[in-house]
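The values are calculated or read from the model by the stated rules, or taken from the named source; none is laboratory data. Computed from a predicted model, the values in this text were never measured in an experiment. When we count neighbours, we look across all protein chains shown, and the Cβ atoms used for this are built from the backbone with ideal geometry, even at glycine. The protein model used for the area step is the full one, side chains on, heavy atoms only, and it has no ligands, DNA or RNA in it. Shrake-Rupley method; radii C 1.70, N 1.55, O 1.52, S 1.80 Å.
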Amino acid sequence: MKVEADATKCCGSGMCVLTDPDVFDQSEDDGTVVVLDAEPAASHHAAAREAAALCPAGAITVHE
Amino acid sequence: MTETISTGLPMTRDNPFDPPAELGVLREETPMNRLRFPDGHLGWLVTGHELVRQVMGDRRFSSRSELHHIAIRRGNTPIGRRPPATPGMFIGMDAPDHTKYRKLLTGQFTVRRMNLLSARVEEIVLGQIAEMRERGTSADLVTAFALPVPSLVICELLGVPYEERHSFQEDTATALRLESSVDEAMAAFERVKDFIRDLVRRKRSEPGDDMLSGLIAADEHLDDEEVTGMGVLLLIAGHETTANMLGLGTLTLLSNPDQLAALRADPSLIDNTVEELLRYQTIVQFGATRTALEDVEIGGHQVKAGETLSLSLPAANRDPHKFDRPDEFDVERSASGHMSFGHGVHQCLGQQLARIEMRIGFAALFREFPDLRLSVPVDEVPLRTDMAIYGVHALPVGWS
Ligand code: HEM
């Protein structure tokens, strides 16, 4: 799996970090998304998919 | 095809826990109905989860307040159109204005920042609980706990002296009470604004370690009106909402003893319980609104430019296509994907703070008062069916 995030679309809701803090973080300046682990282990796949689905701004894409 | 046109938003509740039953009937028929607004406008009422999500996630549907027709009445008269959002009130703006203001704040409301506040929130919560104990073995939970906790937190964050809260709490309530006339609501709102504007001027000359001072320092181009607007928005959005979730959430848990027992048996269920409370008790009962900027086809319907959509978050959160057994309150289910904080780029900025306040607040309340109970029958609890934000006006409770 490959996780991509577009910080220009991000609205800083924090839903991704809430869903999987090992894969996602928020920048200190403006709270936008930072991908910590772009190729997460299988145990994080379900959470990464959920984060992509929950993202209010559609900023996260997961390539299976 | 003939269409049913509803006149006015369904507002009658059969009990404190469920949204108006008519919303469910409408959603069953079709997740998007025509709605005749009080001013005569023919718009839409969206009740299905998937469609509410789509509309909120689509920028062709605008948040600009001057474009909306208003689905609720005030003081029993229709509200005409509203003026454009004043500077800093970004909840009623679209990109790029919305983005400019929101971006200045998102760094302050991250999950990490909010987690760092946990210890201070816990202190505030325990302080209120200690005061409740000192006063005896009964209290109105709203005035003793549910309202002061989020008020203290947001005042501290913004740098509003808490002793001065009386000047805005009553005015905020008046502004959000649907029985208030448009004039009364506007006047109350202006008084809150005057109070914050005065504070912003004080912060400019004597900055502190707070968010208003931070905003002033962060962008030298922001003028006093803009900082004031942002401050008012945070103050109003930041205390009434969480306060009502704390009050109504307590009523819900006390009325579902099996669910409360499950939470007590396994305190790690608190995060999940908070999400389920948010889903089950959707306090933003009428307000979510969008207006089409262009013709859009959605849900098999043709929405015309200029038509207003009233989005029912309570109905979306009880949609059986999204949640199994939607009308059951179940602290162990996954409530993920609920619409209580909205969706799209306007999704609640303060949601991570609200979560911290609710997790710490409920956990401490039920831990410190192991036999907390209602002091009146459930049907005597005064409900905020008359307010833009649903909840309880008062919640008499006792303990030993
Ligand atoms: C349980 C408590 C809360 C609930 C249910 C709630 C609900 C909502 C909803 C539904 C929206 C979206 C409105 C729309 O899209 O039209 C929203 C926006 C907003 N909320 Fe909350 N909220 C809560 C707590 C808070 C807190 C504690 C704060 C601030 C500290 C806050 C600040 C805001 C702001 C600033 C916006 C506007 C965001 C924007 O337009 O980009 N809220 N809230």
Point to revise | Whole-number Å³ per residue for the convex hull built on Cα positions in the range B:1-68 | key: 128
Practice item. Let me know the mean shielding of B:102-115 by other chains, meaning the per-residue number of their Cβ atoms within 10 Å of its Cβ. Key: 6
Revision key, fill the gap. re the protein assembly as shown: pairs of Cα atoms spaced beyond 29 Å account for a percent value of 48
Point to revise | chain B: antiparallel DSSP beta bridges as a percent of all, rounded to 5 | key: 80
Practice item. Holding the Cα-Cα limit at 28 Å, pick out from A:9/B:322; B:193/B:322; B:100/B:193; B:103/B:304; B:103/B:193 the pairs that are longer than that. Key: B:193/B:322; B:103/B:304
**Study point:** Hydrodynamic radius of the range B:282-400 per Kirkwood, over alpha carbon pairs, in Å
**Key:** 17.6
Check your understanding: Amide H neighbours of residue B:306 under 5 Å, counting only residues 5+ apart in sequence or on other chains, H built in-plane at 1.01 Å?
Key -> B:292, B:293, B:294
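Report the gain in length on full extension from residue B:17 to residue B:181: 0.36 nm times residue separation, minus Cα-Cα distance, nm rounded to one decimal.
56.3 nm is the gain from fully extending residue B:17 to residue B:181.
Let me spell out the model: positive unit charges on the Cβ of Lys and Arg, negative unit charges on the Cβ of Asp and Glu, origin at the Cα centre of the range B:5-398. What dipole size does that give, in debye rounded to 20?
On the way: 42 positive and 58 negative charges, 115 e Å.
Computed about the Cα centre, the dipole is about 560 debye.
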Check your understanding: What is the Cα radius of gyration of the range A:2-63 over 2.2 N^0.38 Å, N being its residue count?
Key -> 0.96
Study note, to complete from the structure: Long-range amide H partners of residue B:392, meaning residues 5 or more apart or on another chain whose placed amide H is closer than 5 Å, are B:248, B:384
Exercise for review: Mind grabbing the base-10 log of I(q)/I(0) for the range B:206-303 at q = 0.14, 0.22, 0.24 Å⁻¹? Debye formula, identical points on the C-alpha positions, no solvent, two decimal places.
Suggested key: -0.84, -1.05, -1.17
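Chains A and B: buried accessible surface, both sides, probe 1.4 Å, rounded to 100 Å²? Display every interim value, and only then the final one.
Details: alone 3740 and 17210 Å², together 19330 Å².
Chains A and B together bury roughly 1600 Å² of accessible area.
What is the sum of charges, Lys and Arg at +1 and Asp and Glu at -1, for the other residues whose Cβ falls under 12 Å from the Cβ of residue B:216? Working shown, then result.
Details: positive: B:201, B:202, B:203, B:204; negative: B:206, B:210, B:219, B:220, B:223, B:224, B:226.
Charge balance near residue B:216 sits at -3.
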Study note, to complete from the structure: The answer for the net charge of residues other than residue B:96 whose Cβ lies under 11 angstrom from its Cβ, with Lys and Arg +1 and Asp and Glu -1, is +1
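Which value, in debye to the nearest 20, gives the size of the charge dipole of the range B:38-130 about its Cα centre, when Lys and Arg are +1 and Asp and Glu are -1 at the Cβ?
Values: 14 positive and 8 negative charges, 42 e Å.
Dipole size: approximately 200 debye.
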**Study point:** Counting all C-alpha pairs of the range B:5-398, share separated by more than 38 Å (%)
**Key:** 17
Practice item. In whole Hz, with x marking every Gly and Pro, tabulate ³J(HN,Hα) for the range B:372-384 from phi via Karplus 6.51 cos²θ - 1.76 cosθ + 1.60, θ = phi - 60°. Key: 3, 8, 6, 9, 10, x, 3, 6, 9, 6, x, 9, 8
Review point. Kirkwood hydrodynamic radius (Cα pairs, Å) of the range B:69-109?
Key: 12.1
Exercise for review: Could you do me a favour and compute the accessible area per residue for the range B:267-400, 1.4 Å probe, result in Å²?
Suggested key: 34
Exercise for review: Please express the shape of the range B:1-149 as an equivalent ellipsoid: the semi-axes are the square roots of 5 times the eigenvalues of the C-alpha gyration tensor, given largest first in whole angstrom.
Suggested key: 36, 25, 17
Study note, to complete from the structure: Carbon plus sulfur, as percent of the 1.4 Å-probe accessible area of chain B, comes to 52
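Counting Lys +1, Arg +1, Asp -1, Glu -1, what net charge surrounds residue B:57 among other residues with beta carbon under 13 Å of its beta carbon?
Working: positive: A:9, B:53, B:59, B:60, B:290; negative: B:50, B:58.
Overall, the nearby charge balance is +3.
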Exercise for review: Calculate the length of the line joining the C-alpha centroid of chain A to that of the range B:106-146, in whole Å.
Suggested key: 30
